[in-house]
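Student: Mind looking over this structure? Questions follow.
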Amino acid sequence: MIRFVKHQEIDPEKWDKTVLGATQPTALATYACLDILADNAWNALVEDDYQCVMPLPYRSKLGFSYIYTPFFLPHLGPFSQTKTEQKKILDFFNYIPAKYIQQDLILNREILSFLPDNEVFAMTSYELDISLPHQTLFNDFSQNTRRNIAAAEKHLLTVELNDQSLSDIVCLFRNNKGKNKEVRFQEKDYRTLICLAEWLLKEDKLDVVECRKQDGTLIAGALMVKDVNNCRFWFSGRDNTESECKPMFYLINEYLKHIAGKPGVFDFNGSMNENVARMYKGFGGKAYGFPLYRHSHPAIKHLLALPRKIKL
């Protein structure tokens, strides 16, 4: 039986056991991480004794409550330790309380074909089998990727794991890509990112990877989440003025040397940017689809159709 459970009534231990043992697990949907990402504003749907759970992060605006996917969270939806049948998935979504008049959820790949076509938008990410030796992985890189790595090597770059570079890497993003209009991060989002990254470091679930020039200047960096048995390219920043050094190509290749031969996959974590997606594919990444689910209450659809639109 599915029931709606308020945040303060959720059992953290049972929650984490289900999420981390799920068929599509992620440490970023554990109880503590959701508290940070959603600022404690999340409830849940729970089946029986936590056999299957679904987090419901929510916000309120203009007197309406709506469900959303917080920044820096790869996917949501039902988490179960056994493959979830279509009927159960539909039951979970139908059980979301009507008070949440808008739902915007990035879901895991298992749910791609189970929801109404007019409410699901297909998205793409790339992943790489890292159980193979690095040389085997390298042989599958595109010619362009190998050429960019060779160009980077001429600049005598260094790549290291360094927890102390966390804030500097976030600043690299803010001062470069973060200035683009399409980036919607606010000050509180950067604070949330650093807070969660620090928690992941404390739990030994994060690698902070820096790339520096020969003179010690930080020109690129990435945060890699050690997510259950996999590794996730979670966040990155680079100095746009140093693009000729090809630092991100070099950083990813050096990090793959570090993790190659271990069981699991390296998840590039998706990108709607064609150039970035091409870069991921150039490292031998294999595409997989996952859905963005958008559902609006009929009354909200009517309001949004009015000349003076109400944006939630």
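Student: On the basis of being touching a helix residue (DSSP H, G or I) at 6+ places or on another chain (Cβ under 6 Å) and not aromatic (Phe, Trp, Tyr), does Leu107 make the cut?
Tutor: So Leu107 does not fit the description; no.
Student: Ok, one more. Testing Ser65 on (1) over 21 Å from the mean Cα position of the chain (by Cα); (2) of a type in the set (S, T, N, Q); (3) in a strand (DSSP E or B); (4) crowded, with 20+ Cβ neighbours inside 10 Å, one condition comes back false. Which one is that?
Tutor: In the conditions (1) over 21 Å from the mean Cα position of the chain (by Cα); (2) of a type in the set (S, T, N, Q); (3) in a strand (DSSP E or B); (4) crowded, with 20+ Cβ neighbours inside 10 Å, Ser65 misses (4) alone.
Student: Also, quick follow-up: Check Gln143, Gln102, Gln81, Gln51 and return the single one that is polar (S, T, N, Q) and either in the same structural domain as Ile194 (by TED's automatic domain parsing) or on the phi > 0 side of the Ramachandran plot (or both).
Tutor: Residue meeting the stated conditions: Gln143.
Student: Would you tally the residues in segment 9-60 being more than 18 Å from Lys188 (Cβ to Cβ), touching a Cys at 6+ places or on another chain (Cβ under 8 Å) and in a helix (DSSP H, G or I)?
Tutor: 2
Student: Tell me whether segment 156-172 contains one or more residues that are touching a Ser or Thr at 6+ places or on another chain (Cβ under 9 Å) and not in a loop (DSSP other than H, G, I, E, B).
Tutor: yes
Student: Suppose we keep only residues that are buried (at least 16 other Cβ atoms within 10 Å of the Cβ) and outside any strand (DSSP E or B) within segment 113-131. Which one would you say is modelled with the highest pLDDT?
Tutor: Step by step, filter segment 113-131, then rank; the result is Ile130.
Student: Can you name the number of the only condition in (1) more than 23 Å from Val276 (Cα to Cα); (2) assigned to a helix (DSSP H, G or I) that Thr145 fails?
Tutor: Against the list (1) more than 23 Å from Val276 (Cα to Cα); (2) assigned to a helix (DSSP H, G or I), Thr145 comes up short only on (1).
Student: Next question, about the same structure. When you check Met248 against the structure, is it modelled with pLDDT of 95 or more, of a type outside the set (Val, Ile, Thr) and either part of a helix (DSSP H, G or I) or under 14 Å from His134 (Cα atoms) (or both), yes or no?
Tutor: The answer is yes for Met248.
Student: Continuing with this model, one more query. Contact list please: Cβ distance under 7 Å, first residue in segment 163-187 and farther than 15 Å from Met224 by Cα, second residue exposed (fewer than 14 other Cβ atoms within 10 Å of the Cβ), pairs at least six apart or on different chains.
Tutor: That search, which allows pairs on different chains as well, returns Asn176/Asn240; Lys177/Val183.
Student: Let me ask something additional. Could you check, for segment 207-217, whether at least one of its residues is in a helix (DSSP H, G or I), acidic (Asp, Glu) and assigned by TED's automatic domain parsing to the domain that holds His155? Can you show your working first?
Tutor: The first filter runs over segment 207-217 and keeps only residues in a helix (DSSP H, G or I), leaving none.
Checked segment 207-217: no residue is in a helix (DSSP H, G or I), acidic (Asp, Glu) and assigned by TED's automatic domain parsing to the domain that holds His155.
Student: Output the residue which, of all residues in segment 251-294 that are among the hydroxyl-bearing types (Ser, Thr, Tyr) and either touching an Asp or Glu at 6+ places or on another chain (Cβ under 8 Å) or outside any helix (DSSP H, G or I) (or both), is modelled with the highest pLDDT.
Tutor: Filtering segment 251-294 for residues that are among the hydroxyl-bearing types (Ser, Thr, Tyr) and either touching an Asp or Glu at 6+ places or on another chain (Cβ under 8 Å) or outside any helix (DSSP H, G or I) (or both), the one modelled with the highest pLDDT comes out as Tyr255.
The values are calculated or read from the model by the stated rules, or taken from the named source; none is laboratory data. This is a predicted model, so every value here is computed, not measured. Virtual Cβ from ideal backbone geometry, glycine too; neighbours counted across all protein chains shown.
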